[in-house]
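Since the structure comes first, as structure tokens, the remarks are kept for the end.
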Amino acid sequence: GAGADSDLYINQAIVFIEDAIQYRSINHRVDSKSLWLYRWYYSRTCQWILSLTITVILALAFIEEPSSLTVTSDVRYRLPAWNPPCGLTESIELLCFLVFVVDVSVKSYLIGWKEFWKNKWLMAYILTLIVSLADWIVSLSFFCRESVRIRRILRPFFLLQNSSMMKKTLKSINSTLPEMASVVLLLAVHLSLFTMFAMLLFARTKDNQQDKEWVVYFRNLPDALTSLLVLLTTANNPDVMIPAYSKNRAYSIFFILFTVLGNLFLMNLLTAIIYNQFRGYLLKSVQSSLFRRRLGIRAAFEVLSSLKETPASAQQSCVSVGALLQVLQKAEMDSRCKQAIMRSLKMCSCDQLSAAQFQKLFEELDKDAIKQHPPSPEYQSHFMQKMQFAFGHPYFGYLGNVVALANIISICVVLVMDADKQPSERDDFFLGAINCFFILYYLLEMLLKILAMGLKRYLSYPSNRFDGLLTVILLILEIATFAVYGFPHPGWRPEFMGLLSLWDMVRLVNMLIVFRFLRIIPNMKFMALVVTTLLDLVKNLRAFAGLLVVVFYAFAITGIMLFKGAVVPLGNTRYSNFLQGAQKNSKAEVTGSCVPFSIKKVVVLYFKEKNVISWCSAHFQAEVIYCPLCVLSVHLICRWAKIYFVAWWLISSVIWVNIFVALLLENFIHKWDRRCQRESLSDIEYQRTVELMFRDVLEEPTEEELMEKLHQHPHLQLCR
């Protein structure tokens, strides 16, 4: 019995430490079988299967009707899209649902019945599965011919509930909404007041030739409100003011005032509020993550202190070093942290660890991930030492940057000279010769750097790996070009041979050379700071990217269902009737080409609107919305499409873009503040996470708070 208890305490400590590493809650079952199931569930294999299942069910939208499996979206050239037979995607869906049922069942069992009723996410998970399965049954009963599939809109929930950081980010956004609402309300007042002014200012007159502004943009209240809303996004600027400006230059004052107040003041005020509030709520979320980590480590200490190895005479709880070593050997954690903790234990002269010492050991988890570059080789030869000094010096790298710049300039000169020439008139000799020269220099530079720094040290720098990889690719392409087309010579214009023509090969080489010029970034400190900030955002803000996927996916599926049948292919009789009816009932011009909506096209359309290239009509004029991708039917668009696209604009361009700016500013300011401290440490690279970004301003939880929380654990009974 004592041996079984010891094994149980060891396994509990292992799980609690793994929970602390991953910022997981420790409120789960802690008996032997449950601990085995818990570790199996959070194993890499199980989590990989779950992630693959989520990816598969989200990707089904690309092959379901309307399918996106076509090379081109232009209906004039593309073949009919392949639509899967009824039952194929439904079978894949059923397998995914079975995995999700197992997932939610295991989660519910592990946390226990009482905790289950407190967990809103799990209850929503079960409700989503029930609705999805019911919709799946309805779909089969209609032989996959139903027009609305509710379960498709619910699919992003599976991605959302699987990420704790995405949940925290969503909670932070939800907490920020009241503050955002005040500025959005101010924007609405601004929009409404200027709409009233516009309708009075551009009222209808007796001269129809002078009423173009009224006819096109301010005919009635909905049109006027829509025109100014689109102007707030700058999508119809300056088109909206051209008719009035042509009539009288003074009318431009109205539009300038509207743009200055709306775009320069209110929109930037919204950015400031979102930055301030979202940073505060995200900080609270990260603070709770720190509390979870400290709680998990303290829980591991408490269960290990219950082992019989602890001296009975000890006045306070302590843990033996041997027990901790046993736990560390079995726990899944980063090798760097594990080695650092073991080194600290070996340096410790005591056999027992107090709670403070135990907690201090695991502070290694909160430190920056440090990557130190290997040392350079030590040469005995005096000549080799001079070579090492010369080619390992930063000035040698600067020389390489100058040569790369010269290569770019020479390519630009040749491209400008040959811009108006026909392919048959172009002489590739000069461009081929200079490419050959520069590539040989790049190869020599790479070899000399390896000689000076050693292969391991050379490859330890990301910039060197980038530089070396492109150099090798350029060398291979150049050798292939010579093998197929021979060496450059005057009049070097051979016919097409092999996979690529000579001009294609030269263009590919030149594109890689231009791309290689990015090697200058590490040598420019401010530019390097900006680039590393962006890379950190890409690496660490996966939760934000995941929420973007959720929003894009939900709006794309909703758009497909709402606008199904509203888009008619060119040349169709129904399309001709639609145009005739639109021209009779509306003065708006109907332009553009019609393409059926699919998930890929909807996402592309959203990206275009999000970048303010086009607002899928930019004007919402009269009864018809038109855009480069679609011509939509009169009745649906007139009444409901504006709400759909305005909602998309508010969520994507107003809220999401500003949140991204807030996170970008926070990351950049943090790196800027730390830049001076680390300028001299050129041989060390620091890798930071979102939690570490706020580490300097987080508060450590007190022992009383930790013990109070541990005593509230639903499945763990402590001795004290």
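The values are calculated or read from the model by the stated rules, or taken from the named source; none is laboratory data. In this text the structure is predicted, and so the values were computed from the model without any measurement. Don't worry about glycine lacking a Cβ; one is built from the backbone with ideal geometry, like all the others, and counts go over all protein chains shown. These area figures cover heavy atoms from the full protein model, side chains too; ligands, DNA and RNA do not enter into them. Shrake-Rupley method; radii C 1.70, N 1.55, O 1.52, S 1.80 Å.
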Please tell me the relative contact order of segment 50-149 in percent, rounded to the nearest whole number, where contacts are Cα pairs under 8 Å and at least six residues apart.
23
Length gained when the stretch residue 334-residue 542 is fully extended (0.36 nm per residue, less Cα-Cα span):
72.9 nm
The answer for the net charge of residues other than residue 50 whose Cβ lies under 13 angstrom from its Cβ, with Lys and Arg +1 and Asp and Glu -1, is +1
May I ask you to derive the relative contact order of segment 341-456, considering only C-alpha pairs under 8 Å and at least 6 residues apart, and to give it as an integer percent?
40
In nanometres, the difference between 0.36 nm per residue of separation and the alpha-carbon distance of residue 5 and residue 512 is 176.2 nm
Does a label point 7 Å from the Cα of residue 703, set along Cα-to-beta-carbon, have any residues of segment 336-364 with amide nitrogen under 18 Å, and which are they?
352-363
Viscosity 1.306 mPa s, 10 °C: Kirkwood-radius Stokes-Einstein D of segment 192-250 over Cα pairs, µm²/s
139
Percent relative contact order for segment 184-273, counting Cα pairs under 8 Å at least six residues apart, stands at 27
With all protein chains present, how much of the accessible area of segment 138-197 (probe radius 1.4 Å) comes from carbon and sulfur, to the nearest whole percent?
74
Accessible-area composition of segment 245-297, carbon plus sulfur, in percent [1.4 Å probe]:
64
Model label zone, residue 95; criterion: amide N under 11 Å from point 7 Å along Cα-to-beta-carbon; scope segment 44-58:
53, 56-57
With a point put 7 Å past each Cα toward its Cβ, work out how far residue 48 is from residue 119 in nm, to one decimal.
2.5
Placed amide H near residue 353: partners under 5 Å, 5+ positions off or other chain:
319, 320, 321
